[in-house]
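Enquirer: To start, I am sharing the structure in question, which I have written as structure tokens.
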Amino acid sequence: MMYDQTRAQQPAGQNRVPSERRTPGPEPLLPSSERDKVLQRLRHALNTFADTPRDALAEAESAYDEATAQLVAALAARRELLRAGWADQDSESPVESPSESDSEEFRNALRQYREITQRLLQL
């Protein structure tokens, strides 16, 4: 992120310029199609509870199990991608004197680990 001198000189209470856009939040851990499938199963369970409570609970439990399994798989895949990004640099140069590009890769990986861990802790 670059330093914006004009914005830094604005009074603290001043509103943002309407043309400024907020940066999007972090990408979802699961694809929307997978989330939609689980939510559809959960809605089905809620809608059928009055007629078949035991079946509805089984459906809700199954949706929960599917969501947690997908989440664990997505987190493991994300971890592998992050690790692959910095582990190669780690083996190529000594830790005591990483190059400028290595330092940037490490910094980026650390930021991504921090963001995903904070998201997990907010669940």
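What follows is calculated from the coordinates using simple rules that are stated; it is not laboratory data. It should be emphasised that the depicted structure is a prediction, and the values quoted were computed from it without experimental measurement. Neighbour counts are summed over all protein chains in view; Cβ atoms, including those assigned to glycine, are modelled from backbone coordinates with ideal geometry.
Enquirer: How much net charge surrounds Pro53 when only the other residues with a Cβ under 14 Å from the Cβ of Pro53 are counted, with Lys and Arg +1 and Asp and Glu -1?
Expert: -3
Enquirer: Under the Karplus relation 6.51 cos²θ - 1.76 cosθ + 1.60, θ = phi - 60°, what is the ordered set of whole-Hz ³J(HN,Hα) values for region 27-39, x standing for Gly and Pro?
Expert: Once rounded to whole Hz, the list reads 5, x, 6, 10, x, 4, 5, 5, 4, 4, 4, 5, 5.
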